[in-house]
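Participant: Questions regarding the structure given below will be posed in turn.
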Amino acid sequence: MNDAFKLRELQVAVSRYRFMALFTGTVLATMAFIGLPYKYILGHHDAWISYGWMAHGWIFMVYTLVTIDLGLKAKWSYKELFLNILAGTIPVYTFIVEKKISNRYK
């Protein structure tokens, strides 16, 4: 494979990662900052809270696969890969990590 093809593959992987990071972060932040207070402070046990967390679980699995794909193409260390996957579990941190990665591969 030539360098132009590898560069294009990396750009596509970064685009996929950006979308999934923003999507995962948005769902996680919504559930953490709206769903949890709604359930535990207001005492409501509506179904949308359970469905939201279930959706985050599935979205996080896709985020993990997309992050692994980018990590392999960008030749990240295992530590960097693990920390980037972990970002999908911490509200708002996903946005910070996504911005750093986007800036690195502009």
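Participant: Report every pair of residues separated by at least 6 positions or lying on different chains whose Cβ atoms are under 6 Å apart, first residue within region 1-24 and at negative phi, second outside any helix (DSSP H, G or I) and at pLDDT below 90.
Facilitator: Going by the 6 Å Cβ cut-off, the qualifying pairs are 14/105.
A quick yes/no check of all residues on (1) farther than 14 Å from residue 101 by Cα; (2) part of a helix (DSSP H, G or I); (3) at pLDDT 95 or above:
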{"site": "7", "(1), (2), (3)": "yes, yes, no"}
{"site": "24", "(1), (2), (3)": "yes, yes, yes"}
{"site": "38", "(1), (2), (3)": "yes, yes, no"}
{"site": "70", "(1), (2), (3)": "no, yes, yes"}
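Participant: Then there's this: Within region 72-98, restricting attention to residues that are outside any helix (DSSP H, G or I) and over 16 Å from residue 24 (Cβ atoms), which residue is nearest to the chain's Cα centre (by Cα)?
Facilitator: Our first condition is that a residue be outside any helix (DSSP H, G or I); within region 72-98, this holds for 75-77, 90-92.
Going one step further and asking which of them are over 16 Å from residue 24 (Cβ atoms), we end up with 75-77.
Details: 75: 18, 76: 16, 77: 18 Å.
By that ranking, first place goes to 76.
Participant: Ok, one more. Give me the pairs, please: first residue somewhere in region 52-63 and within 16 Å of residue 33 (Cα to Cα), second residue anywhere and among the polar types (S, T, N, Q) and in a helix (DSSP H, G or I), beta-carbon distance under 8 Å, and either six or more positions apart or on two chains.
Facilitator: Hits for this filter: 52/30; 56/24.
Participant: Here is a list: 62, 66. Which entry is closer than 30 Å to residue 2 by Cβ, surrounded by fewer than 16 Cβ atoms within 10 Å (Cβ to Cβ), within 9 Å of the chain's Cα centre (by Cα) and modelled with pLDDT of 95 or more?
Facilitator: Working: 66 fails: surrounded by fewer than 16 Cβ atoms within 10 Å (Cβ to Cβ).
On inspection, the qualifying residue turns out to be 62.
The values are calculated or read from the model by the stated rules, or taken from the named source; none is laboratory data. Everything numeric in this text was worked out from a predicted model, so none of it was measured. When we count neighbours, we look across all protein chains shown, and the Cβ atoms used for this are built from the backbone with ideal geometry, even at glycine.
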